[in-house]
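Structure, as structure tokens:
Computed from the coordinates by the stated procedures, all read-outs in this text should not be read as laboratory data. Predicted model only: the values in this text are computed from it and were never measured. In this analysis, Cβ positions are derived from the backbone assuming ideal geometry, glycine residues included, and neighbour counts consider all displayed protein chains.
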Amino acid sequence: AQRVTQPEKLLSVFKGAPVELKCNYSYSGSPELFWYVQYSRQRLQLLLRHISRESIKGFTADLNKGETSFHLKKPFAQEEDSAMYYCAPRNNFNKFYFGSGTKLNVKP
Amino acid sequence: KAGVTQTPRYLIKTRGQQVTLSCSPISGHRSVSWYQQTPGQGLQFLFEYFSETQRNKGNFPGRFSGRQFSNSRSEMNVSTLELGDSALYLCASSLTGLETRDTQYFGPGTRLTVL
């Protein structure tokens, strides 16, 4: 079965600390990988996509094909990073499912 | 381009009633998908429409249905409302929904409260 797992429902870190939001998937083939973010009172939006190899708001995500993981990382968390983060692997069989989400709380 | 819009933004209904939610996708987008978002279950996929046809379906009971019009606007209907249907209902649009690299663009959601 194709599955995406975000093991932490809630992750609390202090401002300036490194943060890693975990995402593991068991999808066939080589899925496209996305992270979406939902800030308080804002709509869900794309944060970054693996294919672009980009860094958005200081976040990066590395694909580890051996572990089938796509963890989201930032070396120094900011209070404005507090939000709900969803991992979204995509292949031809699963274009619309998201992980269960991790709520990141960055404390001052 | 205008973003995805959803109406109404808030709804209060009582058990047993039915409700219809509306979604207008970004101009040129033909795929519209619907999600239920709750604190406990996260983001649950309901269904996806393309060219007025339901193309993909999540694991929800038949009380949840939808349709899409020729202009790609979509409606979602929930009949015989239950307390557990209280949630934020999100609509998302993408160009075709066929390409795995298609980005989904989300609306602000409709907050449904069932009393």
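Entry note, the stretch A:1-103: relative contact order of 37 percent, from Cα contacts under 8 Å with a spacing of 6+ residues.
When a/c reaches 1.5 or more, the comparison of a/b and b/c decides; with that in mind, is the stretch B:35-80 rounded, prolate or oblate per its Cα gyration tensor? The shape class here is prolate. Partner shielding of B:26-39 amounts to 1, given as the average count of beta-carbon atoms from other chains within 10 Å of each residue beta-carbon.
With the highest mean first, a sort of the peptides A:90-96, B:57-63 on other beta-carbon atoms found within 10 angstrom per residue produces A:90-96, B:57-63. Using every pair of separate Cα atoms, the Kirkwood estimate puts the hydrodynamic radius of the protein assembly as shown at 18.0 angstrom. For the peptide A:91-100, the mean number of other protein chain Cβ atoms found within 10 angstrom of a residue's Cβ is 6. Computed over Cα pairs, the Kirkwood radius of chain B leads via Stokes-Einstein (1.306 mPa s, 10 °C) to a diffusion coefficient of 113 µm² per second. Of all DSSP-defined beta bridges confined to chain A, some 85% are antiparallel rather than parallel. Straight Cα distances below 21 angstrom link A:LYS107 to the lysines A:LYS9, A:LYS15, A:LYS22, A:LYS57, A:LYS73, A:LYS74, with same-chain residues fewer than 8 positions distant left out. Magnitude of the charge dipole for chain A, about its Cα centre and with charges confined to Cβ atoms of Lys, Arg (+1) and Asp, Glu (-1), is about 200 debye. For the pair the stretch A:49-108 and the stretch A:19-37, the centres of their Cα atoms are 7 angstrom apart. Dividing the mean sequence gap of close Cα pairs (under 8 Å, 6+ apart) by how many residues chain B holds gives a relative contact order of 36 percent. Other protein chain C-beta atoms within 10 Å of residue C-beta, averaged over B:48-61: 1.
Each principal axis of the Cα cloud of chain A was evaluated for its coordinate range; sorted largest first, these ranges are 41, 27, 24 Å.
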